[in-house]
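Chemist: Next up is a structure, given as structure tokens.
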Amino acid sequence: MPRVSPAKPGRDTAAPGRRPAHTPPRPVKSRQPYPKLLGFPRGALAPALSPRYTSTMFLLDRLFTKMIRHGPLTVIDAAGKAHVYGAPTPEKAPVVIRLTTNATARAIALNPALGAGEAYMDGRLLIEQGDIRQLIDIVTWNLRWQRDNPVRFALWRQASIAAKLDQINFARRSRRNVAHHYDLDDRLYDLFLDPHRQYSCAYFDNETMGLDAAQEAKLAHIAAKLDLKPGQKILDIGCGWGGLARYIHKVSGAEVLGVTLSEEQLKYARAKAEDMGIADKVKFELIDYRSLTGQFDRIVSVGMFEHVGLPHFREYFNTIERLLKTDGVALVHSIARADGPGATDPWTAKYIFPGGYSPALSQIIPAIEKAWLWVTDIEILRLHYACTIRHWYDRCAAQQAEIERLYDARFYRMWMFYLAAAMSAFNNDVHMNVQIQLTKRRDTLPIRRDYMHQTESALRS
């Protein structure tokens, strides 16, 4: 509700051109979403949002009737009535959910991502057949990003001013955003990550490959693209728990500096380097990458660019250009989107990655061009992250009791909703991973990609 400041004493009469203090504020235009989708003509949504309708399944029923063509998805409302949506589909198992309150149905209809996420976390959306992964999959599959999909609507994207403002990440806010997610209990990540603690997209030979092997393959894939040489100095921006930095030193002998804004990751990375006896060669600092000085032969950044924020893209690539030696090579590995500019959904922005955004290539490349950097290679990884998250989801599901012991049942449900939604974003929606190789000079690297394959094969053998 808008906040109205009280009128100051002695100011009952407004100055010319100023609204008198007693004048009621102008009505705000309704920004309730989806009037056309819910079946109302333009301007007719406001009456339909009266308590007569919003206290029942009215809005959600209208929404799901139009949206869910393939299912079946059964929704049992607070009164116990079952509503079935979508024809049976061989590829999808039936899902049955129960909404414990009428207000829950209204919240989901008006803001699907936030409403469903919070309802599941709070125990107001119960899964009676299937699981949260199957529920989100059946919904997003009906909305899958394909030109021939007749029910494709941008229900899970909130392209608003608020989302754009959320991407403004100055140094102090960047550290706070990182701590929100990455300073969780270390024991949580040990329950589902690989031995290198790689919390980013793995690299699969096929869908039957195990997670630990796929993460090892990812490290080799990245190292090959960096074209490492003896005696080099490497910078790892957003180093996480230091797994990539340790791997690069292991295969090349290079000195590596990893920088992070997470105090928990820093403690782990430093302790691990000490235990391995490589702390003099592989160092870690708690510092914003923008504050670094000096230059490096190679710069790598994996899973960090998503936290930069669109307003800071030029600053990010200008910093890489400044820190990279003239004959240097940089590699940026990031989640991206295939459908052009968008926004982070409100549930993810609120509970998982505040300030985060997965950009389109059309938003990344202009910032690279303005930094006078050569794009020497781009690779799109379409389904690798879906496979990665599937392993994380299964491992977390097997560790439910331990996760609830570390936190509680609500946190566990939040975590599983996050993983299920992220998996569907890569399986059904527009998300992908990109690896962008950069140089300052056009002749820094060989003119063919063969060197990557040869080096990668040698590392993996």
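Chemist: State which residue is surrounded by the fewest Cβ atoms within 10 Å (Cβ to Cβ) when the search covers only the stretch 351-383 and only residues that are over 15 Å from the mean Cα position of the chain (by Cα) and among the small types (Gly, Ala, Ser).
Modeler: Ranking the qualifying residues of the stretch 351-383, first place goes to Ser362.
Chemist: Among the residues of the stretch 401-417, which ones are assigned to a helix (DSSP H, G or I) and under 16 Å from Gly123 (Cα atoms)?
Modeler: Scanning the stretch 401-417 gives Glu404, Ala409, Arg410, Phe411, Tyr412, Arg413, Met414, Trp415, Met416, Phe417.
Chemist: Please go through the stretch 286-340 and give me each residue that is within 23 Å of the chain's Cα centre (by Cα), part of a loop (DSSP other than H, G, I, E, B) and touching a residue at least 24 places away in the same chain (Cβ under 8 Å), ordered by number.
Modeler: Listed by number, the residues that qualify are Ile287, Asp288, Gly303, Met304, Val308, Gly309, Ala338, Asp339.
Chemist: Something else about it: For the stretch 452-461, check the following and say yes or no: at least one residue is more than 30 Å from Asn318 (Cα to Cα), touching a Cys at 6+ places or on another chain (Cβ under 8 Å) and either not assigned by TED's automatic domain parsing to the domain that holds Phe296 or not hydroxyl-bearing (Ser, Thr, Tyr) (or both).
Modeler: no
Chemist: If I go through the stretch 343-361 residue by residue, how many of them are of a type in the set (D, E, K, R) and in a helix (DSSP H, G or I)?
Modeler: 1
Chemist: Picking from Arg98, Arg147, Arg152, which residue would you name as being in a loop (DSSP other than H, G, I, E, B) and either modelled with pLDDT of 90 or more or touching a Lys or Arg at 6+ places or on another chain (Cβ under 9 Å) (or both)?
Modeler: Residue meeting the stated conditions: Arg152.
Chemist: Starting from the stretch 432-461, keep only residues that are over 30 Å from Ala422 (Cβ atoms), then list their pairs with residues that are of a type in the set (A, V, I, L, M, F, W, C) and in a loop (DSSP other than H, G, I, E, B) whose Cβ atoms are within a distance under 8 Å, requiring at least 6 positions of separation or different chains.
Modeler: From residues that are over 30 Å from Ala422 (Cβ atoms), the pairs are Thr439/Leu373; Thr439/Leu445; Lys440/Trp372; Lys440/Leu373; Tyr451/Leu445.
Chemist: Against the definition (of a type in the set (A, V, I, L, M, F, W, C), in a helix (DSSP H, G or I), without any contact (Cβ under 8 Å) to a residue 40 or more places away in the chain and closer than 15 Å to His384 by Cβ), how does Ala213 come out, yes or no?
Modeler: yes
Chemist: Consider only pairs whose beta carbons are under 7 Å apart and that are at least six residues apart or on different chains; among these, list those whose first residue lies in the stretch 57-71 and is outside any helix (DSSP H, G or I) and whose second residue is hydroxyl-bearing (Ser, Thr, Tyr) and surrounded by 20 or more Cβ atoms within 10 Å (Cβ to Cβ).
Modeler: What qualifies is Ile68/Tyr85; Gly71/Tyr85.
Chemist: Could you tell me which of the residues Leu184, Leu188 is modelled with pLDDT of 75 or more, in the same structural domain as Tyr451 (by TED's automatic domain parsing) and farther than 30 Å from Val251 by Cα?
Modeler: Leu184
Chemist: Among the residues of the stretch 248-267, how many are assigned to a helix (DSSP H, G or I) and touching a Ser or Thr at 6+ places or on another chain (Cβ under 9 Å)?
Modeler: Counting residues in the stretch 248-267 that are assigned to a helix (DSSP H, G or I) and touching a Ser or Thr at 6+ places or on another chain (Cβ under 9 Å) gives 1.
Chemist: What are the residue pairs meeting all of these: first residue in the stretch 118-134, first residue outside the structural domain of Gly80 (by TED's automatic domain parsing), second residue at pLDDT 95 or above, Cβ atoms under 8 Å, and 6 or more apart or on different chains?
Modeler: So the pair list comes out empty.
Chemist: Out of the stretch 248-295, which residues are of a type in the set (Gly, Ala, Ser) and either under 23 Å from Val308 (Cα atoms) or out of contact with any Pro (no Cβ under 8 Å at 6 or more places or on another chain) (or both)?
Modeler: Answer for the stretch 248-295, where residues must be of a type in the set (Gly, Ala, Ser) and either under 23 Å from Val308 (Cα atoms) or out of contact with any Pro (no Cβ under 8 Å at 6 or more places or on another chain) (or both): Gly258, Ser262, Ala269, Ala271, Ala273, Gly277, Ala279, Ser291, Gly294.
Chemist: Please specify each residue of the stretch 206-231 satisfying the condition of being hydrophobic (A, V, I, L, M, F, W, C) and under 22 Å from the mean Cα position of the chain (by Cα).
Modeler: Those that are hydrophobic (A, V, I, L, M, F, W, C) and under 22 Å from the mean Cα position of the chain (by Cα): Leu211, Ala214, Leu219, Ile222.
Chemist: Residues that are buried (at least 21 other Cβ atoms within 10 Å of the Cβ) and either modelled with pLDDT under 95 or among the polar types (S, T, N, Q) (or both): does the stretch 220-237 have at least one?
Modeler: No, that holds for no residue.
Chemist: Is it the case that some residue within the stretch 77-89 is part of a loop (DSSP other than H, G, I, E, B) and touching a residue at least 40 places away in the same chain (Cβ under 8 Å)?
Modeler: Looking for residues that are part of a loop (DSSP other than H, G, I, E, B) and touching a residue at least 40 places away in the same chain (Cβ under 8 Å), one finds at least one in the stretch 77-89, hence yes.
Chemist: Identify all residues within the stretch 103-133 that are surrounded by fewer than 18 Cβ atoms within 10 Å (Cβ to Cβ) and outside any loop (DSSP other than H, G, I, E, B); write none if there are none.
Modeler: Residues satisfying the conditions are Ala103, Asp122, Leu126, Ile127, Glu128, Gln129.
Chemist: Does Pro94 count as without any contact (Cβ under 8 Å) to a residue 24 or more places away in the chain, in contact with a Gly (Cβ under 8 Å, 6 or more places away or on another chain) and farther than 19 Å from Tyr351 by Cβ?
Modeler: no
Chemist: Another one. Which of the residues belonging to the stretch 216-225 are touching an Asp or Glu at 6+ places or on another chain (Cβ under 9 Å) and either without any contact (Cβ under 8 Å) to a residue 12 or more places away in the chain or of a type outside the set (Lys, Arg) (or both)?
Modeler: Glu216, Ala217, Ala220, His221, Ala223, Ala224
Chemist: List every residue pair whose Cβ atoms sit under 6 Å apart, with the two residues 6 or more apart in sequence or on different chains, where the first one lies in the stretch 342-366 and is touching a residue at least 40 places away in the same chain (Cβ under 8 Å) and the second, anywhere, is among the basic types (Lys, Arg) and part of a loop (DSSP other than H, G, I, E, B).
Modeler: Listed by first residue and then by second, the contacts come to Gly342/Arg157; Ala343/Arg157.
Chemist: Counting only residues that are in a helix (DSSP H, G or I) and of a type in the set (S, T, N, Q), which one in the stretch 374-400 is nearest to Asn427 (Cα to Cα)?
Modeler: Thr388
The values are calculated or read from the model by the stated rules, or taken from the named source; none is laboratory data. None of these values were measured; they are calculated from a predicted model. Cβ atoms come from the backbone with ideal geometry, glycine included; neighbour counts cover every protein chain shown.
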